[in-house]
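Everything on this sheet refers to the single structure shown next.
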Amino acid sequence: MSAAASLADDNESVAAGPGLTGPGLSGPVLTDLVLARAELDRSAHLRADEAWLASAWAEPRTRVLVVEQGRALCDMGHDLARLVFVSPPQAPDGVRFLLGVDDDEVAFFGLAGPLAGPPRETVRPVPLREVGPLLSDRDAGLLTHAVALANWHETFTHCPRCGAVTDPISSGHARKCPVDGSEHFPRVDPAMIVLVTDSAGRCLLARNAMWPARRVSILAGFVEAGESAEQAVAREVHEESGVVVGAVRYLGSQPWPMPQSLMLGFRAEATGSTEITVDADEIAEAHWYSREELRLALAAQEILLPPPVSIAHRLIQSWYGEELPGVW
Ligand SMILES: [Zn+2]
């Protein structure tokens with residue numbers, strides 16, 4: 001079965017389900033997003049069990065994933081890239097966090113600290129964005145989890161109430177102020193990203209003013225305080241393109257810890273005029289594309305789309321109906 005036929009089958013099952021709010025918004029929900037994969041049980045119930053944590057750290061089979069500035073050591077010399085772990089005695093100093101326990105009772109910890117040694121043979125430090133698509137489900141989940149926590153510990157070191165330096169608790173999944181006892185949890189910023197279509201089925205693609213020529217994507221922006229994700233979709237689309245959207249449908253989410261976002265993916269339909277008026281500060285240009293126009297523009301390399309690691313790529317692909325050529 002072709003990818004397009006497979007998507008069409010999914011359309012039918014989804015079209016009958018709840019959450020579909022407009023006739024042009026049928027389509028499969030997004031599954032297997034690159035950074036939304038995971039295999040390991042996070043074992044949250046063990047995070048406060050100090051005796052268990054101590055015994056796990058003393059266990060030679062325990063695996064430690066060291067993360068520094070969003071990168072981990074990876075062995076790139078295989079079909080699938082592999083994370084390179086160290087044992088607890090080999091681990092550098094740094095904040096450590098329990099990532100989970102596998103089916104063989106092997107504990108996996110993340111650690112925010114310096115990566116060991118210079119690159120050797122096929123092993124080198126690789127950022128999550130680059131290696132994510134090349135990892136197994138287990139390793140993709142481990143690295144995404146570890147990078148998100150390491151980024152948070154690097155930045156949110158002080159109590160927002162009194163300014164004291166806070167201490168990691170719950171095996172690195174929270175921090176506590178030693179002065180006023182307040183507890184603080186990892187910061188995650190929700191951002192929406194939306195594929196907007198018009199009544200003719202065309203898709204809206206835009207170039208951010210800060211991007212190089214030819215790079216385009218769909219519209220995205222942070223959810224503001226006191227705002228729903230759906231409201232953010234309507235607001236951002238109107239601010240950035242002048243287009244008014246009606247029906248909105250949620251399709252899935254993916255963590256994007258670069259440094260701390262959660263991407264919420266939507267489709268939306270333009271209502272009324274499809275005339276585009278870009279917010280020149282943020283958006284350099286925006287245009288509607290039919291599938292055929294997109295195919296020709298990509299073939300001529302007039303535009304480049306975001307890479308498969310991004311939810312943007314998957315949203316565009318879900319509309320296009322097959323593999324997308326020509327990525328950044
Ligand atoms: Zn405090």
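Give the order of M210, M263, M192 when sorted by the count of other beta carbons within 10 angstrom, beginning with the fewest. Before the final figure, lay out each step's value.
Details: M210 8, M263 22, M192 29.
If I rank by nearby Cβ atoms, fewest first, I get M210, M263, M192.
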Next item on the list: Please identify every one of the trypsin sites (Lys or Arg not before Pro) in segment 108-170 that sits in a loop by DSSP and has no more than 15 other beta carbons within 10 Å of its own beta carbon.
Entry: R161
Checklist line | Relative contact order computed over the chain (Cα-Cα under 8 Å; 6+ residues apart), in percent | finding: 18
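Applying 1/(1 + (r/R0)^6) with R0 = 41 Å to the Cβ-Cβ distance of D49 and R235, what FRET efficiency is obtained, to the nearest 0.05? List each step's numbers first, then the result.
Numbers: r = 44 Å, r/R0 = 1.08.
It comes to 0.40.
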Notebook entry, point to check: Nearest 20 debye, what's the magnitude of the dipole of segment 57-197 about its Cα centre given +1 on Lys and Arg Cβ and -1 on Asp and Glu Cβ?
Noted result: 360
Next item on the list: Provide, in order from the shortest bin, the percent of all Cα-Cα pairs of segment 53-106 in each 10 Å bin, continuing until the bin that contains the maximum pair distance.
Entry: 21, 52, 25, 2
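Quote to one decimal, in nm, the extra length available between A280 and V165 on full extension: 0.36 nm per residue of separation minus the C-alpha distance between them. Don't skip to the answer; put the middle values down first.
Details: separation 115, 0.36 × 115 = 41.40 nm, distance 4.13 nm.
So the extension gain works out to 37.3 nm.
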Note to self: For segment 71-224, what does the relative contact order come out to in percent, with C-alpha contacts under 8 Å and a separation of six or more?
What the structure shows: 17
Checklist line | Signed unit charges on C-beta, dipole axis of segment 218-291, positive-most listed residue L264, A232, V244 | finding: L264
Checklist line | Dimensionless Rg ratio for segment 178-328, taking C-alpha atoms and the 2.2 N^0.38 Å reference | finding: 1.11
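Can you tell me the dipole magnitude for the chain around its Cα centre, using point charges on the Cβ only (Lys, Arg +1; Asp, Glu -1), in Debye to the nearest 20?
Details: 26 positive and 44 negative charges, 112 e Å.
Dipole magnitude for the chain comes out near 540 debye.
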Checklist line | Taking N as its residue count, the alpha carbon Rg of segment 208-253 over 2.2 N^0.38 Å | finding: 1.27
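Between E224 and Q301, what FRET efficiency follows from the Cβ-Cβ distance if R0 is 30 Å, with the result rounded to 0.05?
Details: r = 36 Å, r/R0 = 1.21.
Between E224 and Q301 the formula returns 0.25.
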Note to self: What is the angle, in °, between the Cα long axis of helix 3-15 and the longest principal axis of the Cα atoms in the chain? Nearest 10 is fine, range 0 to 90.
What the structure shows: 90
Item checked: Per-residue [θ]222 nm for the chain (sum of -39500 (n - 2.57) over DSSP H runs n ≥ 4, rounded to 500) -> -7000 deg cm²/dmol
Notebook entry, point to check: Just for the chain, what percent of DSSP beta bridges are antiparallel, to the closest 5?
Noted result: 75
Checklist line | Residue-span extension gain [S182 to D102] - 0.36 nm each, minus C-alpha spacing | finding: 25.6 nm
Checklist line | Distance histogram for the chain (every C-alpha pair counted, 20 angstrom bins, percent rounded to whole numbers) | finding: 28, 51, 20, 0
Item checked: Cysteines without a disulfide-compatible partner [the chain; Cβ-Cβ under 4.7 Å] -> C74, C162, C203
Check: Roughly speaking, what is the centre-to-centre gap between segment 71-120 and segment 207-270 when only Cα atoms are used, to the nearest Å?
Finding: 34
Next item on the list: Tell me the label-point distance for the pair E154, D41, using the 7 Å Cα-to-Cβ offset, in nm and rounded to one decimal.
Entry: 3.2
Check: What angle, in degrees between 0 and 90 and rounded to the nearest 10, separates the Cα long axis of helix 229-241 from the longest principal axis of the Cα atoms of the chain?
Finding: 60
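Rule-based calculations on the coordinates, nothing more; no lab input. It should be emphasised that the depicted structure is a prediction, and the values quoted were computed from it without experimental measurement. No Cβ is skipped: glycine too gets one built from the backbone with ideal geometry, and neighbour counts run over all protein chains shown.
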